Every structure is written in structure tokens, then in C-alpha cells.
1. Over 27 Å between Cα atoms: which of LYS43/LYS112; LYS30/LYS154; LYS74/LYS160; LYS74/LYS110; LYS49/LYS112; LYS43/LYS154 fall into that group?
2. Tell me, what is the FRET efficiency for ALA152 and ASP31 to the nearest 0.05, using R0 = 41 angstrom and their Cβ-Cβ distance as r?
3. Which whole-Hz ³J(HN,Hα) couplings does the stretch 23-35 yield from phi under the Karplus relation 6.51 cos²θ - 1.76 cosθ + 1.60, θ = phi - 60°, glycine and proline marked x?
Amino acid sequence: MASKLNKGKVASDDNNKSVEARLMRLLDLKDEAEADKIYGLLKSHGLSKAQVIALVETIRREESDIIFGERVIKGELQTNQEDLMDEADLASSDIEQGMKMRMANRENFKVKRLHRALDKIRDGSYGECEGCSADIGFARLSARTIAELCIACKEEEERKENLSAVGRRPKSMGQSLGTKLSVS
Ligand SMILES: [Zn+2]
């Protein structure tokens, strides 16, 4: 393979092919034409081929990190149950298991979000803000691959959430609100 890449003009063809082939492999696509189509759609959301590859690789890595973590948690759950000796152990182990289950649920939720991101890459809608249809941008996506809103829409959403929380307080408290919010 290395010798092929050294043959001058052929090298650029091979490089192009390998970008399609890499996406094909990462997303289990049918053929390179499908990869090409995805690149075209994501380009209209401001993402280059190299950026698409980088994002898919990050998503795949995040996914496998979580799945590996879950295996560790499940393995520990089983040994804990086998080693149970008395009621005190049982009680503390229940708490521990509850924590581990909550952790696992949270991770499951993240895996679902990651799979949704992969689906959106496959259908070409990835990288487009669900609020205003603007490009989310590579910088934000690489920091948060599951982002579905651009920074502006995300900040607007958070502002509304804060307003609805603050709205329940009497208006006369408005002035002291700043300090109260910063404490909590
Ligand atoms: Zn937006």
C-alpha cells in the first residue's frame, strides 16, 4: 500500500479514495458514492471532509469509551452480589449499586445521543442548528459532538430556562437576586 502512495499522480487519487473509504468504514456505508453524498451535504453545513472524519472518529471513540465503562460497571455488579456476606454489606452495596445504575443510565442516554449524531451524519443533517438552521461550526461540534443547537440558540435556551426559574420570585426581590444567584 505504501508503494502505491509513492506513485506521484496516483497518490492524490488514492488519498481521495481513502477519505471516502474511511467514512464508509466508520459509518458502515454501502458504497463510496454514499460517503461522497454525505460529504457534499455536510459541506453545506460548513464541514470539510477532514473535519467530518475527525468528528465521526471522536463520536466512535466516545461511544466505545462508554461501552467499555459499562462493561466494567456490570462486571463489578456481579462480583459484588456474589461476595455479599451480611446485612451491613448488603445495605452499602445497595447504595453503591444504585449509584452505578444511575451512572449507567446516564451513559446509556449519552450513547443514544451519540447514535443520533451518527444518524444525522448519515442523513446529512448534522452540523445544522435545530433552532435557526445556521451552521453549528466545527469548533463547537468537536468540543461537543452531540450539539444540536448553535451557540446563540443554546445561550437563548439557557436564558429562557433561567428566566422561568427566576420568574417565580416576587419582583421586589429583583435587586438582591444577582447576589443570591451567584451564591447558589
Ligand atoms: Zn441556532
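Each value in this text was obtained by applying a stated rule to the coordinates, not by laboratory testing. These numbers come from a predicted model, not from an experiment. Methodologically, a virtual Cβ is constructed for each residue, glycine included, from the backbone with ideal geometry; neighbour enumeration extends over all protein chains shown.
1. Numbers: LYS43/LYS112 25 Å; LYS30/LYS154 35 Å; LYS74/LYS160 39 Å; LYS74/LYS110 17 Å; LYS49/LYS112 24 Å; LYS43/LYS154 22 Å.
Where the Cα-Cα span goes over 27 Å, the pairs concerned are LYS30/LYS154; LYS74/LYS160.
2. 0.65
3. 5, 4, 5, 5, 10, 6, 7, 5, 8, 5, 4, 5, 4
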